[in-house]
Amino acid sequence: MINKILNYFEKQAFGVCAWWGEKLGISSQKVRLNFIYFSFITLGSPLLIYLIMAFILEHKEYFKFRSKKGSIWEL
């Protein structure tokens, strides 16, 4: 029963912890564990940050970050 619940949440998760783990070069399990610890310490305030990051990751094609383009003054 618990394994079914864990599998469901891992499949339905937004991938924020996995993305951070990939960017930082550590396992996503450690990122999740630290996120849980920080949530308990700060009384759940990282939950808002997590949801914002999840929204951005789900809709990243709409958030076009500027790439460095050469200006007309650079040759």
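The values are calculated or read from the model by the stated rules, or taken from the named source; none is laboratory data. In this text the structure is predicted, and so the values were computed from the model without any measurement. Cβ: placed from backbone, ideal geometry, glycine included. Neighbour counts: every protein chain shown. Accessible surface is based on the protein model in full, side chains and every heavy atom, while ligands, DNA and RNA are left aside. Shrake-Rupley method; radii C 1.70, N 1.55, O 1.52, S 1.80 Å.
Is it true that Lys23 is open to solvent by 80 Å² or more (accessible area, probe 1.4 Å) and modelled with pLDDT of 80 or more? Show your work before the answer.
Values: open to solvent by 80 Å² or more (accessible area, probe 1.4 Å): yes; modelled with pLDDT of 80 or more: yes.
Yes; evaluated as a whole, the condition is true for this residue.
Name the single residue that is nearest to Trp20 (Cα to Cα) among those in region 41-65 being surrounded by fewer than 10 Cβ atoms within 10 Å (Cβ to Cβ) and modelled with pLDDT of 85 or more. I'd like the intermediate steps shown before the answer.
Residues of region 41-65 surrounded by fewer than 10 Cβ atoms within 10 Å (Cβ to Cβ): 43, 48, 59, 61-65.
Those still in the list that are modelled with pLDDT of 85 or more too: 43, 48.
Working: Leu43: 21, Leu48: 16 Å.
Checked region 41-65; the qualifying residue nearest to Trp20 (Cα to Cα) is Leu48.
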